[in-house]
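Undergrad: Got a structure here, written out as structure tokens. Questions coming.
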Amino acid sequence: MSVFGDRLKLLRNEKLKTHGLTQKKLGNMFNVEKGTVSNWENGNRTPDIEVISKLADLFDVSVDYLLGRTDKRKPNHLTKEDMIKLAPEYAWLFEEEGLKYIKLVEGIKADDIPPEAVEEIIDTILKYRHLNKK
């Protein structure tokens, strides 16, 4: 197998568990047959660079990762574990409560609220969170 094929299969299988992304569904997304996706995954064929770029976007990884040029999925990408090591006091953000706050902040950012106001909202949420924990 090729590095590209191995990584494509790994990423698709991750999405298979969470989103049911089969070879057939991936093929439909790129207007190719299931067999073509199978050939990509088995290293028998490689898609053109435009498709590789779109696959990288779909799986939220870099093209370099897909092609085996790096083992980091994204340049300068911090994993959950990296973030907890860097700022253990924010480990709670990865728990259920924290994920609710993150969704709230994402919604606020989507509403085109100025960054300074978003920062102030986040600070206020954190203040009240700490008060409620005492």
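The values are calculated or read from the model by the stated rules, or taken from the named source; none is laboratory data. Every value quoted in this text rests on a predicted model; they were computed, and no experiment measured them. Reconstructed Cβ throughout: ideal geometry from the backbone, glycine too, with neighbour counts over all protein chains shown.
Undergrad: Quick one: which helices (runs of 4 or more DSSP H) sit completely within the range 43-110 and have at least 2 residues that are closer than 24 Å to Ile121 by Cα and among the aliphatic types (A, V, I, L, M)? Quick ask: steps written out before the conclusion?
TA: Working: elements: 49-59, 63-67, 80-86, 96-110.
Ranges flagged: 80-86, 96-110.
Undergrad: Between a residue in the range 50-67 that is farther than 16 Å from Lys25 by Cα and any residue that is of a type in the set (D, E, K, R) and at pLDDT below 90, which pairs come within a Cβ distance under 6 Å, given they are 6 or more apart or on different chains?
TA: Note: pairs meeting the criteria are Val61/Arg73; Ser62/Lys74; Tyr65/Arg73.
Undergrad: Based on what the data block shows, is Ala117 surrounded by fewer than 12 Cβ atoms within 10 Å (Cβ to Cβ), part of a helix (DSSP H, G or I) and either aliphatic (A, V, I, L, M) or in the same structural domain as Arg7 (by TED's automatic domain parsing) (or both)?
TA: Working: surrounded by fewer than 12 Cβ atoms within 10 Å (Cβ to Cβ): yes; part of a helix (DSSP H, G or I): yes; either aliphatic (A, V, I, L, M) or in the same structural domain as Arg7 (by TED's automatic domain parsing) (or both): yes.
Yes: the conditions hold for Ala117.
Undergrad: Filter the range 33-49 down to the residues that are buried (at least 16 other Cβ atoms within 10 Å of the Cβ) and either among the hydrophobic types (A, V, I, L, M, F, W, C) or in contact (Cβ under 8 Å) with a residue 24 or more places away in the chain (or both) and list them by number.
TA: Residues satisfying the conditions are Val37, Trp40, Glu41.
Undergrad: Can I ask one more? Out of all the residues in the range 103-110, is one or more under 24 Å from His19 (Cα atoms), surrounded by 14 or more Cβ atoms within 10 Å (Cβ to Cβ) and not hydrophobic (A, V, I, L, M, F, W, C)?
TA: No: the range 103-110 contains no residue that is under 24 Å from His19 (Cα atoms), surrounded by 14 or more Cβ atoms within 10 Å (Cβ to Cβ) and not hydrophobic (A, V, I, L, M, F, W, C).
Undergrad: Take the residues of the range 4-30 that are among the polar types (S, T, N, Q) and in a helix (DSSP H, G or I): which is nearest to the chain's Cα centre (by Cα)? Write out each step before concluding.
TA: In the first step, residues of the range 4-30 are kept if they are among the polar types (S, T, N, Q); the result is 13, 18, 22-23, 28.
Next cut, in a helix (DSSP H, G or I) only: 13, 18, 23, 28.
Values: Asn13: 14, Thr18: 12, Gln23: 19, Asn28: 21 Å.
That would be Thr18.
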